[in-house]
Amino acid sequence: MKRAVFLIIFFITIVYESRACDICGCGVGSYYIGILPDFKKRFIGIRYQYKTLRTHLGPAGTTSYLTTDETYQTAELWGGWNIGRRFRVLGFVPVNFNGRSNQGVSQHKNGLGDIAVVGYYQLLDKQQTVGRKLLVQSLWIGGGIKLPTGRYEPVEKKENEETPNSFQLGTGSMDFTLNAMYDVRLMDFGINANVSYKINTANKYDYQYGNKFTANVLGYYKIKVAQQLTVAPNVGLLYETAKKDTEDKRFTMDVSGGYALLATAGAEVSYKNIAIGGNFQPPVSQQLADMRVKSGNRAMVHVTYLF
């Protein structure tokens, strides 16, 4: 137990000290995983994610004729495969539906996003009894790659106007991730933690999104409703932080970077080979792009087949 806790804290400390994103959680942003379905071998499913963002804010969050409301929706094919006892591969194929509105004028970008693959190695798999109760722990660590499959369009620069570069289907760059997943459960009560550090490279337009750190912690409780029906309500926190983007390796983009802290509440339901889940994520605290961008509520639902 102490070894696992030390390892996860050590990993988080290394990543956090780097403090590195594209505007947190929107457009080409979020890599939220949450609680994975309880699968033995393989799973495949569909996830839907919804996020909102308000840009071009003035001092203290004031609005003006430039203020724009943005919506980011993603329908994502995702899957996982356990290879033997120690290895796991996860894959994500997103289709993005971006929209924004300013003074009654709407704009949309729809299409394939950036495909990502992550591989994990199980560093810890332990079961022990505490009194008369069963304590189960697992720790997975790994890394992944994100391909530039989503369309990227250079932002048109306007005089005396700074625009956040979040309204994209993809980053236009090949990027990399470091990941860790830790789960500890005492009988039916458990705690699940995920951390991810995304290392971005410059795309062909010499634009480089700031590296991104994401961490979430969820507490859950498994309730056996029937023979093959289990419900697991969960609550927790999601944190994202970033450095500012750069262009031509010289210029720092002021309207970028920052942090966001969100609460999370949801539930996971499993029946035989089907898992259904969802959550709602309202912001608790944030400071994005020097307060010129504000993140709104988020939501996620999924339907997954286990086999």
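For S196, the requirement of being assigned to a loop (DSSP other than H, G, I, E, B), under 23 Å from the mean Cα position of the chain (by Cα) and under 24 Å from N216 (Cα atoms) is not met.
You will find that of Y197, Y221, Y239, the residue that is in contact with a Pro (Cβ under 8 Å, 6 or more places away or on another chain) and among the aromatic types (F, W, Y) is Y221 and no other.
When the range 132-151 is limited to residues that are surrounded by fewer than 17 Cβ atoms within 10 Å (Cβ to Cβ) and among the basic types (K, R), the one that is nearest to the chain's Cα centre (by Cα) turns out to be R151. When E268 is tested against (1) within 19 Å of the chain's Cα centre (by Cα); (2) over 19 Å from W78 (Cβ atoms); (3) acidic (D, E), just one condition goes unmet, and that condition is (2).
Candidates in the range 240-258 are the residues that are hydroxyl-bearing (S, T, Y) and either crowded, with 18+ Cβ neighbours inside 10 Å or touching a helix residue (DSSP H, G or I) at 6+ places or on another chain (Cβ under 6 Å) (or both); of these, the one that is modelled with the lowest pLDDT is S256.
Quick grid of which residues meet (1) of a type in the set (K, R); (2) in contact with a Gly (Cβ under 7 Å, 6 or more places away or on another chain); (3) more than 25 Å from V293 (Cα to Cα):
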site: L124; (1), (2), (3): no, no, yes
site: W140; (1), (2), (3): no, no, yes
site: L169; (1), (2), (3): no, yes, no
site: A180; (1), (2), (3): no, no, yes
site: Y207; (1), (2), (3): no, no, no
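Per-residue answers, yes or no, for (1) closer than 25 Å to G142 by Cβ; (2) under 22 Å from the mean Cα position of the chain (by Cα):
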{"position": "R185", "(1), (2)": "yes, no"}
{"position": "N200", "(1), (2)": "yes, yes"}
{"position": "Y205", "(1), (2)": "no, no"}
{"position": "Q208", "(1), (2)": "yes, yes"}
{"position": "F213", "(1), (2)": "yes, yes"}
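Matching residues to (1) modelled with pLDDT of 95 or more; (2) farther than 25 Å from Y32 by Cβ; (3) touching a helix residue (DSSP H, G or I) at 6+ places or on another chain (Cβ under 7 Å); (4) not small (G, A, S):
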position: N110; (1), (2), (3), (4): yes, no, no, yes
position: G113; (1), (2), (3), (4): yes, no, no, no
position: V118; (1), (2), (3), (4): yes, no, no, yes
position: L124; (1), (2), (3), (4): yes, no, yes, yes
position: T129; (1), (2), (3), (4): no, yes, no, yes
position: T149; (1), (2), (3), (4): yes, no, no, yes
position: E162; (1), (2), (3), (4): no, yes, no, yes
position: F167; (1), (2), (3), (4): no, no, no, yes
position: Y182; (1), (2), (3), (4): yes, no, yes, yes
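Pairs are defined by a Cβ separation below 6 Å, a sequence spacing of at least 6 or placement on different chains, a first member in the range 59-83 that is at pLDDT 90 or above, and a second member that is part of a loop (DSSP other than H, G, I, E, B) and loosely packed, with under 12 Cβ neighbours inside 10 Å; the pairs so defined are N82/K41. Applying the criterion of being in a loop (DSSP other than H, G, I, E, B) and hydrophobic (A, V, I, L, M, F, W, C) to the residues of the range 236-287, the residue that is farthest from N200 (Cα to Cα) is V255. Say whether the condition of being within 30 Å of L134 (Cβ to Cβ) and surrounded by fewer than 19 Cβ atoms within 10 Å (Cβ to Cβ) is met by at least one residue in the range 169-185. There is at least one residue in the range 169-185 that is within 30 Å of L134 (Cβ to Cβ) and surrounded by fewer than 19 Cβ atoms within 10 Å (Cβ to Cβ).
Scanning the range 108-131 for residues being part of a loop (DSSP other than H, G, I, E, B) and under 20 Å from the mean Cα position of the chain (by Cα) gives a total of 3. Residues that are surrounded by fewer than 19 Cβ atoms within 10 Å (Cβ to Cβ) and not in a strand (DSSP E or B) within the range 57-79 comprise G58, P59, A60, G61, T62, T63, S64, Y65, L66, T67, listed in sequence order.
Per the listing A289, A275, the residue uniquely surrounded by 15 or more Cβ atoms within 10 Å (Cβ to Cβ) and at positive phi is A289. Answer yes or no as to whether K204 is exposed (fewer than 13 other Cβ atoms within 10 Å of the Cβ) and not in a strand (DSSP E or B). Answer is yes for this residue.
The values are calculated or read from the model by the stated rules, or taken from the named source; none is laboratory data. As the structure is a prediction and not an experimental result, all values here were calculated from the model. Note that we place each Cβ from the backbone using ideal geometry, even for glycine, and neighbour counts take in every protein chain shown.
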